[in-house]
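Okay, structure first, notes after.
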């Protein structure tokens, strides 16, 4: 797993999720003190910390040993249980009030994961999945236009950000996956607009966590990160980079749990 290879850089490079995500979990999904949460693909704890801060008890499933180690070091305590495993093979005891997948659901098997999650969430409980989208074609910036030149030189198959299509915004796909088997219903989609301030260093940290950059040859990766930082320095040392966070929520139907 790419992210597990340098868990410390991942923790340093990835931005936190916006407050609005957790406000939505409270208002729509009932997140509060005592809520029992299953977190799928917890990584280094970008969502875990906020769930714990809300008073939840969290069972965090994370297959990457290095990521799980950082998670334990930062958030370990009596209300956090960490299961180092894939969701498909994890030994988990439900029921949970809420299952969440922060930038993780796309890694699961779309044909089996919804039923697996449904086995673990109580009737009337909730499933929430969300992703950060880096850049926003509806809010173009000079930084992104200039960065596209670097992509064209070093990653020519990649579309420019104005032409890219986010899988997080493929609502037909995710509605279909979340309602497969009729275990979940009442799907809603929220799109949260925000921006992240980047310096040359924070941008290099962030882009180092993207698999397509990590898969470049060492010399090309170094050139990409150098040019990335130079753009920001030439634009005054910091830039405001648009973000979208796309949140899907679905309610567990009020009927008996499927057989295990």
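The values are calculated or read from the model by the stated rules, or taken from the named source; none is laboratory data. Since we're looking at a predicted model, the values are computed, not measured. Cβ sites come from the backbone with ideal geometry, for glycine too, and all protein chains shown count toward neighbours.
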Open item on the list: Please determine whether any residue of segment 42-49 is surrounded by fewer than 17 Cβ atoms within 10 Å (Cβ to Cβ), in the same structural domain as residue 117 (by TED's automatic domain parsing), touching a residue at least 24 places away in the same chain (Cβ under 8 Å) and in contact with a strand residue (DSSP E or B) (Cβ under 9 Å, 6 or more places away or on another chain).
Closed with: no
Task: Matching entry among 147, 120 (being farther than 30 Å from residue 64 by Cα and either at pLDDT 95 or above or crowded, with 18+ Cβ neighbours inside 10 Å (or both)) - done: 147
TODO: Could you check segment 61-161 for helices (runs of 4 or more DSSP H) lying wholly inside it with 2 or more residues that are not assigned by TED's automatic domain parsing to the domain that holds residue 40?
DONE: 142-154
- [ ] Identify, from the list 90, 56, 129, the residue that is crowded, with 16+ Cβ neighbours inside 10 Å, within 16 Å of the chain's Cα centre (by Cα) and farther than 30 Å from residue 230 by Cα.
- [x] 129
- [ ] Would you check if residue 142 is more than 22 Å from residue 16 (Cα to Cα) and either buried (at least 19 other Cβ atoms within 10 Å of the Cβ) or touching a residue at least 12 places away in the same chain (Cβ under 8 Å) (or both)?
- [x] yes
Open item on the list: Is it the case, given these coordinates, that residue 34 is surrounded by 18 or more Cβ atoms within 10 Å (Cβ to Cβ), outside any strand (DSSP E or B), on the phi > 0 side of the Ramachandran plot and in contact with a strand residue (DSSP E or B) (Cβ under 8 Å, 6 or more places away or on another chain)?
Closed with: no
Task: Residue among 73, 68 that alone is surrounded by 15 or more Cβ atoms within 10 Å (Cβ to Cβ) and under 22 Å from residue 11 (Cβ atoms) - done: 68
